[in-house]
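The values are calculated or read from the model by the stated rules, or taken from the named source; none is laboratory data. What you see is a predicted model, and the numbers here were worked out from it, not measured in a lab. FYI the Cβ positions are ideal-geometry reconstructions off the backbone, even for glycines, and counts take in every protein chain you see.
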Amino acid sequence: MADAAAVAQRRAFWLKQLHQWHWISAALCLVGMLLFAATGITLNHASQIKARPQLTQHRGELPAPLLAELASPSAKAAGALPADVQQWFATQWSLQGADGTPEWSEDEVYLSMPRPGGDAWLSVDLQTGETTYERTDRGWISYFNDLHKGRNTGLMWSWFIDVFAVACLIFSVTGLFLLQLHASRRPSTWPLTGLGLLIPLLLALLFIH
């Protein structure tokens, strides 16, 4: 009787721990799993979903003092557009994200600004000060698809994906142990679990070449 009571006590302890970790990881994963599941469908049918890219263009002329600052050797050595130049673009065109590393040539500074769901670029003629900014927006579906792929999303989103993946692993592993603890009272547990492994394995072996 003492042994049975100890086993029951251990079982109750692990059930409590697993349920706690399972629901906490589920809560952390919920929105992310919905996002990644939905964008999995849109990515799988990307060729059938027609995007209507929207193009935005701005042209202007950089003031002479800022052009002189941009054309100076120190600006090229810094590896980024001078802060005053970035502020001018932010004021003129509400342009954010001009803090990347531009490409310098004798006559031009070119800055690529890829972003989720679109692309953008900026160029400045070092002789005349003529500036051109062009942005392409491919819509919300493309935006969320790029979030799914981690394309041009930056460091913080990359960290989020890592944390989200860890939470999903915890959710899945605790779910597996909960299945094991409840399997004796649910005969279909392991056949269904095995089916979840068998179906993608057979599809991969038979239809992916």
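To keep it simple, each residue is scored yes or no on (1) of a type in the set (Lys, Arg); (2) more than 22 Å from PRO63 (Cβ to Cβ).
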residue	(1), (2)
LEU95	no, no
ASP107	no, no
MET113	no, no
GLY118	no, yes
TRP121	no, no
ARG135	yes, yes
LEU155	no, yes
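Kindly indicate the residue of the stretch 38-50 that is within 16 Å of the chain's Cα centre (by Cα) and of a type in the set (S, T, N, Q) and also surrounded by the most Cβ atoms within 10 Å (Cβ to Cβ) among those meeting that condition. It comes out as THR39.
Every listed requirement among (1) under 18 Å from ASN145 (Cα atoms); (2) out of contact with any helix residue (DSSP H, G or I) (no Cβ under 8 Å at 6 or more places or on another chain); (3) modelled with pLDDT of 90 or more is met by PRO102 save one, (1). Scanning the stretch 91-113 for residues that are surrounded by 15 or more Cβ atoms within 10 Å (Cβ to Cβ) and under 23 Å from the mean Cα position of the chain (by Cα) yields LEU95, GLY97, ALA98, LEU111, MET113. Residue-level check: of (1) more than 21 Å from TYR110 (Cβ to Cβ); (2) assigned to a helix (DSSP H, G or I); (3) in contact (Cβ under 8 Å) with a residue 12 or more places away in the chain, ARG52 misses just (2). Scanning the stretch 1-37 for residues that are surrounded by fewer than 14 Cβ atoms within 10 Å (Cβ to Cβ) and under 30 Å from ASP146 (Cβ atoms) turns up ALA27, LEU30, VAL31, LEU34, ALA37. How about the stretch 150-209: which of its residues are at positive phi and free of Cβ contacts under 8 Å to residues at least 12 places away in the same chain? Across the stretch 150-209, the qualifying residues are GLY150, GLY154.
Condition check for ALA75 on (1) aliphatic (A, V, I, L, M); (2) surrounded by 16 or more Cβ atoms within 10 Å (Cβ to Cβ); (3) modelled with pLDDT of 90 or more: one failure, at (3).
Of the helices (runs of 4 or more DSSP H) lying entirely inside the stretch 56-125, the ones with 2 or more residues being over 25 Å from ASN152 (Cβ atoms) and free of Cβ contacts under 8 Å to residues at least 24 places away in the same chain are found at 64-71, 73-78. Here PRO65, PRO102, PRO73 are screened, and the one residue that is within 30 Å of ASP162 (Cα to Cα) and not assigned by TED's automatic domain parsing to the domain that holds ASP162 is PRO102. The one condition from (1) more than 12 Å from PHE144 (Cβ to Cβ); (2) without any contact (Cβ under 8 Å) to a residue 40 or more places away in the chain; (3) not basic (Lys, Arg) that ILE41 does not meet is (1). The numbered conditions (1) within 30 Å of ASP162 (Cα to Cα); (2) of a type outside the set (Asp, Glu); (3) surrounded by 13 or more Cβ atoms within 10 Å (Cβ to Cβ) are all true for TRP88 except (1).
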